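Worksheet for the structure shown next.
The values are calculated or read from the model by the stated rules, or taken from the named source; none is laboratory data. None of these values were measured; they are calculated from a predicted model. Note: ideal-geometry Cβ built from the backbone for every residue, glycine included; neighbour counts use all protein chains shown.
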Amino acid sequence: MTSTRRRDAIGAAALAVLGIGLRLGFNAAFPTEPVSDFRGLVMFGLRLRDEGLAVPGWHWVQFNSGLPLFLAGLFRVFPHHVANTARVATAVATGLVPLLPYALWRGVLRWKERFLAGLFLALWPGLVLFSGVVAQENWVMIPTVALAALAVRRLRDPEGRGYPVAAGLLFALAAAVRQEMLLVLAPAVIAAAGVPGKSAGRASRILRLAAAAAIPLLVLAAERRAATGRFAITTEHGGLGVLGTLVPGSAAAGWTDPTLYVASVEPSLLRDSVRMRSAAWTLARDEASRRWRFHAFRSGAAALRLSVESEAQNLFWALEAPGTLPDSKILSAASWARAVRPWLRVELALASGFFFAALVLGVRRRDRAILLLSATVLLRFLALLAFSPLGRLMVPAVALELMTIALAIGELGAPERRGVVGFVGLGLAAAAILLAVEPPLDRLAIRKDEAPPTVRSFPLGIAGAAGQFADCEVTSGRLDAMSGDRVGVGPASDSAFRVDCRLPAHLPDGRLGLDYDANRGQLNVEVDGRQLTDVWAPAESGWHRWEIAETSSGPRAVVLQGGSAAGFGFVVLRPGATPLPRYRALP
């Protein structure tokens with residue numbers, strides 16, 4: 001083995017050990033359970049494994065099928081303890097990401113640039129702490145980094161003709177996991193395929209690129225049609241995603257479920273989910289037009305928040321969300337989160353600051369590789385600001401920022417001491433400015449936002465009741481949140497809340513149940529004038545279930561009261577029916 005190959009092998013081994021070892025070590029200490037959307041992805045994968053690749057269900061509305069398809073295959077190989085399997089696979093996959101630029105840049109970049117890019121990705125604290133979360137963002141990072149690395153290889157290799165088939169497949173894979181990557185990765189796929197310019201074979205490369213990208217995406221569209229009757233590669237919740245970014249009260253979290261807003265402006269839409277998803281685009285347009293000045297300011301503040309806070313926000317899903325960790329780990333996880341959150345803010349601000357310095361360097365030197373990676377990062381920012389500026393969605397962008405910084409450092413070179421000092425000074429200054437201006441601007445955006453709308457009357461879907469609804473009225477207190485067939489209520493000032501619900505006259509045979517969130521507070525229930533006291537069985541993630549009565553006996557009026565916040569929803573428990581996915585235990 002030559003010295004060059006030996007060095008390459010040692011570098012690859014070091015990056016693999018660091019990348020995988022750090023992530024597996026953290027996940028052994030804090031074995032994160034999938035909750036919320038992450039649990040939905042695991043459940044989707046289980047259904048694809050057990051019920052076929054065209055199984056219908058609500059998952060198709062919200063998720064692209066790329067990651068669930070992979071999980072379904074993984075669960076066939078490892079059929080037991082699927083939550084552990086998904087978590088470990090995610091940690092290992094993110095740990096292998098540092099090898100992508102290191103391997104794909106071989107022959108066109110110097111060893112130190114390749115190793116530095118891999119080292120940044122391997123030691124990236126925000127990803128180490130988030131690596132056990134079965135998130136689409138963790139998995140879409142793999143084809144994103146690979147495609148970006150191929151694009152850099154093509155731009156740094158004047159003799160290269162491009163990689164149209166590999167670029168097309170990676171582009172399709174990224175879009176299969178997260179659909180907005182169709183926009184974000186457009187410049188990278190064109191560059192990686194060798195389309196720009198007038199070199200020989202350009203038409204052939206375009207055709208191979210188109211076929212490599214189109215064929216897998218058409219297969220995914222056909223799968224969605226078989227499951228839902230809708231031939232598309234995109235989900236149906238895009239309008240609601242945009243609306244959730246714009247509705248009053250969303251500035252604090254970046255995005256909030258827009259159902260409460262819909263209930264305040266067009267409550268009839270809540271009875272038809274298809275109509276609501278279709279009308280969401282119009283509602284989003286109207287809301288954006290109504291407060292366009294505020295939304296312009298909010299977008300700027302959100303961009304700064306994403307550049308500083310996103311990794312600190314991800315700690316919630318890794319360590320703090322209810323149901324994420326066993327009881328024995330909760331206190332130590334909370335202590336960890338408090339200790340590392342300030343350092344994650346500083347780390348990400350430094351990454352953002354030095355990314356800005358790298359962008360300036362790329363503009364000054366007209367470095368096409370740096371400019372391409374920077375353009376991809378900026379497109380990712382635009383997609384987040386338009387759809388949902390949530391911290392976890394920044395993961396692929398930060399990976400590309402770290403690669404851009406490595407390229408910029410490699411371009412500086414040892415003799416250019418003045419350039420190095422300027423680069424470091426600009427990066428540190430940009431990071432300091434971000435840390436200084438982000439908190440007050442974020443607080444100002446929250447203060448300038450409108451309060452969430454007040455809703456008094458609303459229809460509440462009954463799970464398992466074939467599309468039937470209870471008609472509810474908030475007679476005291478306030479409705480805090482609505483999401484699907486669940487609502488959150490709370491008292492106004494110091495008074496208690498009360499919600500009166502009228503159930504439909506005819507419900508499917510079975511028993512009517514009431515689900516309530518024990519994490520939020522105490523709930524007192526009265527059914528047709530009778531006080532309900534018996535708890536039937538605990539469910540998952542803090543939710544409990546009461547049985548109310550046989551549906552044939554016709555319970556009609558349900559009164560819910562409490563002195564603190566509470567969450568609840570109705571469900572029909574039909575004899576012999578499969579438990580609702582919300583409460584189905586992961587095997």
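Descriptive notes on the structure:
- Across the range 230-256, the qualifying residues are those that are in contact with a Leu (Cβ under 7 Å, 6 or more places away or on another chain) and either in contact (Cβ under 8 Å) with a residue 60 or more places away in the chain or among the small types (Gly, Ala, Ser) (or both), and the one among them that is farthest from residue 67 (Cα to Cα) is 254.
- A single entry from 319, 331, 304, 325 fulfils the requirement of being modelled with pLDDT under 95 and either outside any helix (DSSP H, G or I) or touching a Pro at 6+ places or on another chain (Cβ under 6 Å) (or both): 325.
- Residues that are outside any strand (DSSP E or B) and surrounded by 22 or more Cβ atoms within 10 Å (Cβ to Cβ) within the range 463-476 comprise just one, 465.
- Taken together, the criteria place residue 91 among residues that are of a type in the set (Gly, Ala, Ser), in the same structural domain as residue 64 (by TED's automatic domain parsing), assigned to a helix (DSSP H, G or I) and buried (at least 24 other Cβ atoms within 10 Å of the Cβ).
- Among residues of the range 240-287, those that are more than 17 Å from residue 453 (Cα to Cα), in a helix (DSSP H, G or I) and over 16 Å from the mean Cα position of the chain (by Cα), counted: 11
- Of everything in the range 75-88 that is in contact (Cβ under 8 Å) with a residue 24 or more places away in the chain and within 21 Å of the chain's Cα centre (by Cα), the residue that is nearest to residue 318 (Cα to Cα) is 87.
- Taken across the range 252-267, residues that are among the aromatic types (Phe, Trp, Tyr) and over 14 Å from residue 482 (Cβ atoms) do occur, with at least one present.
- Only residues that are crowded, with 19+ Cβ neighbours inside 10 Å and either of a type in the set (Val, Ile, Thr) or at pLDDT 70 or above (or both) were counted across the range 574-587, and they come to 0.
- Scan of the range 94-124 for residues that are surrounded by 17 or more Cβ atoms within 10 Å (Cβ to Cβ), over 14 Å from residue 23 (Cβ atoms) and hydrophobic (A, V, I, L, M, F, W, C), ordered by number: 100, 104, 105, 108, 109, 115, 116, 117, 119, 120
- Scanning the range 277-300 for residues that are within 18 Å of residue 382 (Cβ to Cβ) and buried (at least 22 other Cβ atoms within 10 Å of the Cβ) gives 284, 298.
- Unmet criterion (only one of (1) in the same structural domain as residue 134 (by TED's automatic domain parsing); (2) under 16 Å from the mean Cα position of the chain (by Cα); (3) hydrophobic (A, V, I, L, M, F, W, C); (4) over 15 Å from residue 383 (Cα atoms)) for residue 231: (2)
- Verdict on residue 134 being assigned to a loop (DSSP other than H, G, I, E, B), within 20 Å of residue 323 (Cβ to Cβ), at pLDDT 90 or above and of a type in the set (Val, Ile, Thr): yes
- Selection count where residues are in contact with an Asp or Glu (Cβ under 6 Å, 6 or more places away or on another chain) and modelled with pLDDT of 90 or more, scope the range 245-269: 2
- Residue that is farthest from residue 136 (Cα to Cα), among those in the range 193-229 that are charged (D, E, K, R) and touching a residue at least 40 places away in the same chain (Cβ under 8 Å): 205
- Of everything listed in (1) without any contact (Cβ under 8 Å) to a residue 60 or more places away in the chain; (2) within 26 Å of residue 121 (Cβ to Cβ); (3) not basic (Lys, Arg), the single unmet condition for residue 38 is (1).
- Residue within the range 269-276 that is in the same structural domain as residue 343 (by TED's automatic domain parsing), over 16 Å from residue 384 (Cα atoms) and buried (at least 20 other Cβ atoms within 10 Å of the Cβ) present: no
- Entry remark, the range 361-388: residues being over 26 Å from residue 179 (Cβ atoms) and not in a helix (DSSP H, G or I) number 2 in total.
- Counting the residues of the range 477-503 that are in contact (Cβ under 8 Å) with a residue 24 or more places away in the chain and either loosely packed, with under 14 Cβ neighbours inside 10 Å or among the charged types (D, E, K, R) (or both) gives 7.
- Residues in the range 148-173 that are more than 16 Å from residue 214 (Cα to Cα), in a helix (DSSP H, G or I) and free of Cβ contacts under 8 Å to residues at least 60 places away in the same chain: 3 in all.
- Meets criteria (outside any helix (DSSP H, G or I), outside the structural domain of residue 345 (by TED's automatic domain parsing), modelled with pLDDT under 90 and among the hydrophobic types (A, V, I, L, M, F, W, C)) for residue 414: no
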